[in-house]
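Below is one structure, written out as structure tokens, with a few remarks after it.
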Amino acid sequence: MKFPAILGLLILVPALPTLAQGLKTGADHRFVPVGIAMNRTKGLIYSVNQNNDSLLVRRIGSDVVVATVSVGTRPVAVAVNRQTGLIYVANQSSCDLTVIDSNTNSINGTIPLGFSPLNLAVNYVTNRIYVVNETSKQVAVLDGQNAEILAAVEVNAEPMAIAVNSRMNRIYVASASAGIVSVIDGELNEVVARIAVSPNPIALVVERKNNFVYVGYYKSNEVSKIDGRYNVVTGLTNFGNAIPGTLH
């Protein structure tokens with residue numbers, strides 16, 4: 001399934017929202033997320049720039065770029081660990097993660113993945129990074145301290161959106177063509193539930209306090225509500241004339 005346009009707000013953890021937009025990426029006409037993340041502690045916004053393979057740093061409420069950091073080839077997603085102060089940028093063409101120190105806006109290192117990443121999320125409590133590998137239907141689990149891949153968890157076809165509930169140590173992965181949200185246990189690194197949702201889920205928001213997960217869909221004004229305690233869909237809301245495929 002190919003998506004000619006995607007616009008979704010993906011909240012990785014409550015303090016770190018990520019915006020995912022659809023972009024045409026070369027001759028194969030694929031569409032991938034382009035990431036934005038917020039560091040509320042420092043009052044900064046991070047956005048990837050595919051035109052020159054960089055990460056732009058802005059202050060919240062300002063259009064002024066305070067720093068530009070060169071990253072890998074074709075960056076598609078960014079996430080922040082607010083505990084360690086490290087920023088992770090997923091680079092699709094160079095098949096790696098660029099690690100940036102948010103205190104100095106300098107590169108801390110590069111983590112080779114061996115696959116082309118599509119999206120990522122961070123659990124700041126466990127210091128784990130979760131990277132979506134669309135082509136293999138897997139999510140790679142990385143140790144943030146040692147920068148090592150610990151596991152590869154298989155999910156359903158065409159994983160796209162990913163979000164973390166750091167309080168419950170659960171990771172949610174929306175597979176677009178399968179219409180499934182996979183629930184990964186962060187301690188076991190195993191899928192413990194597969195939740196059937198509406199077709200073409202492309203956006204996820206985790207509401208950590210009450211343990212709810214909200215799912216947005218491509219070309220739809222509907223949002224599903226999942227109760228994280230029981231891993232069941234408990235509601236479906238139609239937002240009328242809202243922008244199709246957007247989850248706020």
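The values are calculated or read from the model by the stated rules, or taken from the named source; none is laboratory data. Just so it is clear, the structure is predicted and the values come from calculations on it, not from any experiment. No Cβ is skipped: glycine too gets one built from the backbone with ideal geometry, and neighbour counts run over all protein chains shown.
The table for this structure:
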| read-out | value |
| --- | --- |
| Residue match in the range 93-102 (condition: of a type outside the set (S, T, N, Q), modelled with pLDDT of 95 or more, assigned to a strand (DSSP E or B) and over 21 Å from Ile149 (Cα atoms)) | no |
| Sole residue being at pLDDT below 95 and farther than 22 Å from Arg74 by Cβ, chosen from Val181, Val205, Val141 | Val205 |
| Residue match in the range 45-66 (condition: touching a strand residue (DSSP E or B) at 6+ places or on another chain (Cβ under 6 Å), within 25 Å of Gly186 (Cβ to Cβ) and modelled with pLDDT of 95 or more) | yes |
| Qualifying positions in the range 123-140 - over 11 Å from Ala90 (Cβ atoms), buried (at least 17 other Cβ atoms within 10 Å of the Cβ) and touching a residue at least 24 places away in the same chain (Cβ under 8 Å) | Asn123, Tyr124, Arg128, Glu134, Lys137, Val139 |
| Qualifying position, being more than 22 Å from Leu86 (Cβ to Cβ), surrounded by fewer than 23 Cβ atoms within 10 Å (Cβ to Cβ) and not polar (S, T, N, Q), among Val213, Val191, Val181 | Val191 |
| Selected residue [more than 26 Å from Val66 (Cβ to Cβ) and either more than 13 Å from the chain's Cα centre (by Cα) or not aliphatic (A, V, I, L, M) (or both)] from Ser116, Ser106, Ser94 | Ser116 |
| Test set (1) assigned to a loop (DSSP other than H, G, I, E, B); (2) of a type in the set (S, T, N, Q); (3) closer than 20 Å to Pro75 by Cα - Thr110 fails condition number | (1) |
| Of residues in the range 141-170 being over 17 Å from Thr126 (Cβ atoms) and in contact (Cβ under 8 Å) with a residue 40 or more places away in the chain, the one surrounded by the fewest Cβ atoms within 10 Å (Cβ to Cβ) | Glu158 |
| Qualifying residue in the range 149-165 (condition: within 21 Å of Val233 (Cβ to Cβ), assigned to a strand (DSSP E or B) and charged (D, E, K, R)) | no |
| Tally of residues being buried (at least 19 other Cβ atoms within 10 Å of the Cβ) and among the charged types (D, E, K, R) across the range 83-116 | 1 |
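Each row is one residue, and each column tells you yes or no for (1) under 23 Å from Leu44 (Cα atoms); (2) part of a strand (DSSP E or B); (3) β-branched (Val, Ile, Thr).
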residue	(1), (2), (3)
Gly114	no, no, no
Leu120	yes, yes, no
Ser136	no, no, no
Asn146	no, no, no
Ala174	no, yes, no
Val191	no, yes, yes
Arg194	no, yes, no
Ser198	no, no, no
